[in-house]
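S.K.: I have a structure I would like to understand better, so I am pasting it below and will then ask my questions one at a time.
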Amino acid sequence: MAKPVKAKSGPGGAEPAKRVPRAGRPASPLITREAAAEAALQIIDRQGLEGLSLQAVAQQMGVRAPSLYHHFRDKEALLVKVARLLLHKINVEQDTWSDDWETRTIELALATYRVTMRHPNAAPLALRFFPRQVVLPAYERTLATCPYPPETHVVVLEAIERFTFGFTLFAAAAASHHTPSTPVPDREQFPVLAAALDAAPSDEETVFVEALRVILDGLRTRYGRN
């Protein structure tokens, strides 16, 4: 007959009770708004906005679709979160930002371009669900260090922001449809345009930065005090 093993006792002489997790209740939530937005973005990257549904997101996350309704009332609420996720990705595109106003402006615009071009199918969300309340602090920081007079600040913001998003969304639309931003012209019918395209940088990102520098040069010429 086997010798019984004496159980170790606790401070009061009794064996301490072991906590057993309840079945079906995970230690951490399977769904968070952030994880759902990431899953949604992956689906949009693969299938476009048309392929997104709460059912598809649930399947991607390995959960049941009704669980998502605890976090998002509908698909549109999820798309709002995806738009904010893209903005977050822009904010963390690089670890540090330059203290020089013009350099930082270029860095932020370039971060916007790069993040958008990594997710071109999601680019329309920037127009449909642009979280202006979220970016107000960024506007405040930009204007606090802007080298131009206060009466020019709205024009400066509009010029930079609209150029950045206009260029970027145009490029993203072409990328999402797998078409070039500028069609290859007939050389006999459009000889000047063809020559210009031949001489231009082949990298669209380089064109983007150079065009932004032209705008910044123009602001400096028109509004600069020195």
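S.K.: Going by average Cβ neighbours within 10 Å, how do the peptides 55-64, 131-140 rank, with the highest at the top? Kindly include the intermediate steps, with their values, before the conclusion.
M.R.: Values: 55-64: 16.1, 131-140: 11.1.
So the order, starting with the most tightly packed, is 55-64, 131-140.
S.K.: Follow-up. In deg cm²/dmol, rounded to 500, what helix-only [θ] at 222 nm does the chain give when every DSSP H run of at least 4 residues adds -39500 (n - 2.57) and the total is split over its residues?
M.R.: -18500 deg cm²/dmol
S.K.: Once neighbouring chains are kept in place and the probe is 1.4 Å, which whole percent of the accessible area of segment 30-97 is contributed by carbon and sulfur? Mind showing how you got there, number by number?
M.R.: On the way: 1820 of 3840 Å².
The value for segment 30-97 is 47 percent carbon and sulfur by accessible area.
S.K.: Over the chain, with the other protein chains present, what is the accessible area per residue in square angstrom, probe 1.4 angstrom? The partial results should precede the final answer.
M.R.: Working: 15290 Å² over 226 residues.
Each residue of the chain exposes 68 Å² on average to a 1.4 Å probe.
S.K.: Then there's this: Sort out for me the Cα centre separation of segment 66-106 from segment 145-210, rounded to whole Å.
M.R.: Spelled out, the Cα-based centre of one part sits 23 Å from the other.
S.K.: With Cβ to Cβ distances under 11 Å as the rule, what net charge do the other residues near D45 carry (K, R +1; D, E -1)? Show your work: numbers first, answer last.
M.R.: Working: positive: R46, R118; negative: E38.
Cβ neighbours under 11 Å give a net charge of +1.
S.K.: Still on this structure, please answer the following. Is the C-alpha gyration tensor of segment 77-226 telling us rounded, prolate or oblate? Criteria: a/c under 1.5 is rounded; beyond that, a/b larger than b/c is prolate, otherwise oblate.
M.R.: Numbers: a/c = 2.21, a/b = 1.21, b/c = 1.82.
Verdict is oblate for segment 77-226.
The values are calculated or read from the model by the stated rules, or taken from the named source; none is laboratory data. What you are looking at is a predicted structure, and each value in this text was computed from that prediction instead of being measured. Reconstructed Cβ throughout: ideal geometry from the backbone, glycine too, with neighbour counts over all protein chains shown. Accessible surface is based on the protein model in full, side chains and every heavy atom, while ligands, DNA and RNA are left aside. Shrake-Rupley method; radii C 1.70, N 1.55, O 1.52, S 1.80 Å.
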